[in-house]
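Comments concern the structure below.
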Amino acid sequence: MSKKAIEISFPVAELDRVAEIESYRKEIYRPIYHNHKWWAQRLGSVFRAIVIGSTGDEHISIFDQFYCKHGTNDKIVLDPFMGSGTTGCACALEGREFIGIEKEAEYVEIAEKRIAYWSQQPKLPVE
Ligand SMILES: C[S@@+](CC[C@H](N)C(=O)[O-])C[C@H]1O[C@@H](n2cnc3c(N)ncnc32)[C@H](O)[C@@H]1O
């Protein structure tokens, strides 16, 4: 089985520059993949890179795919500790199928609402 892009390398330096912009004045510079609000206060740029690296083209580096549109494919992301569903939101923005497992019913409800919301948002590049 071939390796996923995320198993070969992860663009830490490039993402650091993107994440710095994303985290600075989010109310002004909020990028389309910035999917957190009150829950899971982590950066959408990092989650986008993780999803691309796990489900994208393994022959192209993650950062070379970062600003490309990603159509649906047959890859399914499983998060066995879903929490409030930030990974599921990132998958929704990438058009990826997602299965989440979570033991806390309250988090499941929050995750379902968040994923439903992000499924309706435009995808990169902006549609
Ligand atoms: C840090 S959160 C996960 C964040 C999430 N992966 C994301 O992408 O945002 C960890 C979650 O795992 C859940 N959890 C812990 N043990 C579990 C288990 N045995 N089965 C299902 N969920 C579990 C906790 O309730 C918690 O919500």
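Bear in mind these aren't lab numbers, they're just calculated from the coordinates by the rules spelled out. Computed from a predicted model, the values in this text were never measured in an experiment. Here the Cβ positions follow ideal geometry from the backbone for every residue, glycine too, while neighbour counts run over all protein chains shown.
Worth a mention:
- Residue order, fewest to most surrounding Cβ atoms within 10 angstrom, among GLU94, GLU104: GLU104, GLU94
- Packing-based ranking, highest mean first, of 110-121, 6-17 given that Cβ atoms within 10 Å are counted: 110-121, 6-17
- In Hz, Karplus ³J(HN,Hα) per residue of the stretch 92-98 (6.51, -1.76, 1.60; θ = phi - 60°; x = Gly, Pro): 4, 5, 8, x, 9, 5, 9
- Fewest-first sequence of LEU43, LEU93 by Cβ atoms within 10 Å of each Cβ: LEU43, LEU93
- For the chain, the number of Lys pairs separated by eight or more positions or lying on different chains, with C-alpha atoms closer than 17 Å, is 6.
- Over the chain, DSSP H runs of length four or greater, each weighted -39,500 (n - 2.57), average out per residue to a 222 nm ellipticity of -13000 deg cm²/dmol.
- Descending semi-axes in Å of the chain, equivalent ellipsoid built from Cα gyration tensor: 21, 19, 13
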